[in-house]
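To start, the structure under review is shown below, and the notes come after it.
The values are calculated or read from the model by the stated rules, or taken from the named source; none is laboratory data. From a predicted model like this one, the values you see are computed outputs, not experimental measurements. FYI the Cβ positions are ideal-geometry reconstructions off the backbone, even for glycines, and counts take in every protein chain you see.
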Amino acid sequence: MRRKIYFYLFVGLFLFAVLFPFFWQFITSIKPPAELFGKHAFSFYTTNPGLQSYINVFSDEKRPFLRYLWNSTVVSTITTAFSLIIASFTAYAIARLQFRGKNILLGVILAVSMFPQIATIAPVYLFLQQFDWTNSYFGLILPYTTFALPLAIWNLTTYYKQIPLELEESAKVDGASAFQRFYRIIVPLVLPGTFTTAILVFIAAWNEFLFALTINTEEMYKTIPVGIALFQGQFIIPWGDIAAATVIVTIPLIVLVLFFQRWIVAGLTSGAVKE
Amino acid sequence: MKPKWGFSEKNIAYLFIFPAVLIITVIALYPVLRTFWLSLYDVRLNDPSKNDIYNSYKLDMDRFVEKYPILVSLIDRSSKKPENQPSVAKLHQLNEQVLEVKDSLSKVPNFAKQYDQVDTIQLDDGNVPEELATFAMNKGSADSLLKQLEALQSEVKKLKLKDSDKQGILGLLNGIEKTVITPNFVGFDHYTDIMKQSRFWFSLWNTTIFTVISVFIELVLGLAIALLINRQFRGRGIVRASVLVPWAIPTVVSALMWKFMFDGQNGIMAKFFHSIGLIPDMGTLLTSKFWSMFSVIFADVWKTTPFVTLLLLAGLQTISGSLYEAAHVDGATRMQQFFKITLPLLKPTILVTLLFRTLDAFKIFDLVYVLTGGSNSTETISLFTYKIMFSQMNFGVGSALSVIGFICIAIISIIYIRFLGANIMNNNQSH
């Protein structure tokens, strides 16, 4: 019994450490401006909560917060869809078909996933600038593929390998071509894995910072991480507004994580753990 | 069996991998080579004569034609102003010399013709087509042009003129000098220069310190937590879900959260650290060298330890419980069980986790960018490179720094993969 109490005490402490910053952001976001400084700054509750910070976030004309959210949604969704379609074909070929240079391909994909983004940014930036693609969605989707595609291929390959070989064998006997086997049998079976991979790719694209910061510098094309990071003014930092903004972007992620935690965990660990 | 579509299996495989291979080549492999190529040149985006890779001598006709007549007329107007009367003879002489610049250029075949073509287009407000926008020169004529322009500048500096006129003429001469494009190949000069900069070694040191300490803490802490929660208990789902949240939010958001909590005046963590006597006063956290690095590491540990825990927990769950039961029957202590069973069986997971964490930590950019901006000895390689490229617009030196960062990452990967070897690849090799 005693051990159990200690255990739950430990779990509670761990949860507190993990969740406290979120709680603190939330409290800060509903405190009236006057309570953000001085002794009230450290108080764990507020007697007169308000939504002023949230109103500020959405009403500032200089930083179109909704537009940032929209930009991130568009860029992340297209990046995810695009990389997943291409990665599905590649992953199937790697998992199921025989071809020369498979190991080289795998090695290259692994190497590319380890590339520091800073190593490709100069030519990518110059290229996009030359064709006037900076400050556009395409200008981000293209470089985002550098990390999204290897991530998707690597994850999907694991899932494609888990599909029993017998299913395909029997289809083969029935005379189905590799292409038919791919989209009639494998793709439907691997949908859950594809979905898990999609979540991981989407989150990676949603959170990307360096490319977004350098390529899309106009307010109308900034993504949410860049938008929030540049909330900090030159001299004053509007902590209440920043807190409200972080709460707004964190809530959808919390919902996503609560709904799909099993899948996300499976996706995250499939690369690192050999079953 | 022959497939229906007349494709052999192998050809279908090539067809399937083609789009990915194409994209990876175009947007990842080629840019890395291109970065290396750029690093051998003196490329600066804020200098029109150096904003690209140039291997030959050229004149930027577009801007030359634009600036040259303005210079001529400015000198002319200056010579008519009463304030400039003492130097009027000198100005007339200067005018002659400036006209001579164009005259001597006109001796080069086709120059005069192209000058007039560009001039006509500019008068009509049209866009100068690419083939007319630059004029190829040989080294000799480019050098003599530059020499003339420099001589003119030093002469103007000696003249007694109204200050605004003097600055205007000098500015235009300088602008015209910048239309002379000379090859900007510098070989490995950027690299040797970087090696001499203490700022570079410092950023490398900061990155290493950050990587080693944060990854070490995350691993130890993650392993401890994973071992403790590796059992069935009520609320397991909540723990797992909440563990995912710090991982899922953008690093920028977590950096801002911690920046607020570390704030010298209103930060709750600063207050807490101060009240337990860890720091002398609240402002210390983000303003002193040691505590700035501490803050960066602290924020990173908070964001990443849960993720590490998750990976290690998944690894632990693959270890069969019967092993421990057998060990228990044989009288092995908990310690022995940990070192003889858990650690060896968890080793592949630990190594993969370490590899990914180390690489990620070494690339660290957004956390430092937001939390400290690189002040107080927290500037990392990525941040340094970013500042050189996008604040100073120096893409040549920036690319050289990128290449160095890339090489560091490659070395780290090679060291790890030596350890992991087959482990990581096996995961994806055919049955």
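Remarks
- Selection count, segment B:383-397, where residues are within 7 Å of another protein chain (Cβ to nearest Cβ) and in contact (Cβ under 8 Å) with a residue 24 or more places away in the chain: 1
- Against the numbered list (1) of a type in the set (D, E, K, R); (2) assigned to a helix (DSSP H, G or I); (3) at pLDDT below 85, A:Asp241 comes up short only at (3).
- Flag if B:Leu99 is in contact with a helix residue (DSSP H, G or I) (Cβ under 6 Å, 6 or more places away or on another chain) and assigned to a helix (DSSP H, G or I): no
- So B:Leu170, is it surrounded by 13 or more Cβ atoms within 10 Å (Cβ to Cβ) and part of a helix (DSSP H, G or I): yes
- Any chance A:Ile236 is closer than 30 Å to B:Met389 by Cβ, within 10 Å of chain B (Cβ to nearest Cβ) and not basic (Lys, Arg): no
- Selection count, segment A:66-108, where residues are over 23 Å from B:Thr25 (Cβ atoms) and surrounded by fewer than 22 Cβ atoms within 10 Å (Cβ to Cβ): 7
- Residues that are modelled with pLDDT of 85 or more and surrounded by 14 or more Cβ atoms within 10 Å (Cβ to Cβ) within segment B:115-132 comprise B:Tyr115, B:Gln117, B:Val118, B:Asp119, B:Ile121, B:Gln122, listed in sequence order.
- Residue match in segment A:246-256 (condition: over 28 Å from A:Thr196 (Cβ atoms), modelled with pLDDT of 90 or more and crowded, with 16+ Cβ neighbours inside 10 Å): no
- The one condition in (1) modelled with pLDDT of 90 or more; (2) within 20 Å of B:Gln93 (Cβ to Cβ) that B:Glu155 fails to fulfil: (1)
- If you filter segment A:166-182 down to residues that are of a type outside the set (D, E, K, R) and farther than 20 Å from B:Phe16 by Cα, you find that the one that is surrounded by the fewest Cβ atoms within 10 Å (Cβ to Cβ) is A:Val173.
- Taking the criterion of being farther than 12 Å from A:Asn216 by Cβ and surrounded by fewer than 19 Cβ atoms within 10 Å (Cβ to Cβ), the residues of segment A:130-150 that qualify are A:Gln130, A:Phe131, A:Asp132.
- Members of segment B:211-246 that are facing chain A (nearest Cβ under 8 Å) and either under 19 Å from B:Thr349 (Cα atoms) or not aliphatic (A, V, I, L, M) (or both): B:Ile225, B:Leu228, B:Ile229, B:Phe233, B:Gly235, B:Gly237, B:Arg240, B:Ser242, B:Val243, B:Leu244, B:Pro246
- Some residue of segment B:29-50 being more than 14 Å from chain A (Cβ to nearest Cβ), within 30 Å of B:Leu152 (Cα to Cα) and hydroxyl-bearing (Ser, Thr, Tyr): yes
- Options A:Gly38, A:Gly50; residue that is closer than 18 Å to A:Ile236 by Cα, more than 7 Å from chain B (Cβ to nearest Cβ) and either out of contact with any Phe, Trp or Tyr (no Cβ under 7 Å at 6 or more places or on another chain) or hydrophobic (A, V, I, L, M, F, W, C) (or both): A:Gly38
- Selected residue (only one of B:Val118, B:Val128 is β-branched (Val, Ile, Thr), outside any helix (DSSP H, G or I) and within 38 Å of the chain's Cα centre (by Cα)): B:Val128
- Total residues in segment B:255-293, condition of a type in the set (S, T, N, Q) and within 11 Å of chain A (Cβ to nearest Cβ): 3
- Tally of residues being assigned to a helix (DSSP H, G or I), among the hydrophobic types (A, V, I, L, M, F, W, C) and more than 13 Å from B:Val65 (Cβ to Cβ) across segment B:131-160: 7
- Of the candidates A:Phe202, A:Phe209, the single residue that is touching an Asp or Glu at 6+ places or on another chain (Cβ under 9 Å) and farther than 26 Å from A:Gln98 by Cβ is A:Phe209.
- Residue list for segment B:281-309, restricted to those being buried (at least 23 other Cβ atoms within 10 Å of the Cβ), among the hydrophobic types (A, V, I, L, M, F, W, C) and under 19 Å from A:Arg262 (Cα atoms): B:Val308
- Pair list, Cβ under 7 Å, 6 or more apart: segment B:402-431 residue under 30 Å from B:Trp201 (Cα atoms), other residue among the hydrophobic types (A, V, I, L, M, F, W, C) and modelled with pLDDT under 80: B:Ile417/B:Ile424
- For segment A:27-42, the candidate set comprises residues that are surrounded by 16 or more Cβ atoms within 10 Å (Cβ to Cβ) and hydrophobic (A, V, I, L, M, F, W, C); within that set, the residue that is nearest to B:Thr305 (Cα to Cα) is A:Ile27.
- Helices (runs of 4 or more DSSP H) enclosed by segment A:99-211 - at least 1 residues per element that are under 24 Å from the mean Cα position of the chain (by Cα) and at the interface with chain B (Cβ under 8 Å from one of its Cβ atoms): A:102-114, A:118-130, A:138-162, A:191-207
- Any chance B:Leu316 is surrounded by 22 or more Cβ atoms within 10 Å (Cβ to Cβ), closer than 30 Å to A:Phe20 by Cα, modelled with pLDDT of 85 or more and within 11 Å of chain A (Cβ to nearest Cβ): no
- Out of B:Val108, B:Val88, one residue alone is of a type in the set (Val, Ile, Thr), free of Cβ contacts under 8 Å to residues at least 24 places away in the same chain and over 19 Å from B:Lys178 (Cα atoms). It is B:Val88.
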